[in-house]
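Below you'll find the structure, written out as structure tokens, and then a few comments.
Quick note: the coordinates plus some simple rules give every number you see, no bench work behind them. Keep in mind that this is a model prediction, so the values were computed, not measured. Cβ sites come from the backbone with ideal geometry, for glycine too, and all protein chains shown count toward neighbours.
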Amino acid sequence: MNAYKTYVTIEDPNHVVLSNLPFQPGQRVEVIILTENNERAEISKKVRDLFDKTQAIPGVQKITEEEITAEIEAYRRGE
């Protein structure tokens, strides 16, 4: 069995158009539709959402870079 892979963006969930396919008229084909799994994009969105949530905590905007650096250094020292 030969395979042909292409990507389309769904604009209407009731209608999908595939064009310029490398098949002959009347040739039977099997169609399998898979969603694109973009794990990196999902993780990136979760991290951005977490940043937005933590930055919205009252008082977080007042923390200085020096305080952050000191906190990291203390953590690394096991304090």
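Overview of values
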read-out	value
Positions within the stretch 27-69 being surrounded by fewer than 10 Cβ atoms within 10 Å (Cβ to Cβ), polar (S, T, N, Q) and farther than 30 Å from Asn2 by Cβ, in sequence order	Thr54, Gln55, Gln61, Thr64
Lone unmet requirement of (1) surrounded by fewer than 10 Cβ atoms within 10 Å (Cβ to Cβ); (2) more than 22 Å from Thr6 (Cα to Cα) for Gln24	(2)
Hits in the stretch 1-26 - residues which are among the charged types (D, E, K, R) and assigned to a loop (DSSP other than H, G, I, E, B)	Lys5, Glu11
Some residue of the stretch 28-40 being without any contact (Cβ under 8 Å) to a residue 24 or more places away in the chain and in a helix (DSSP H, G or I)	yes
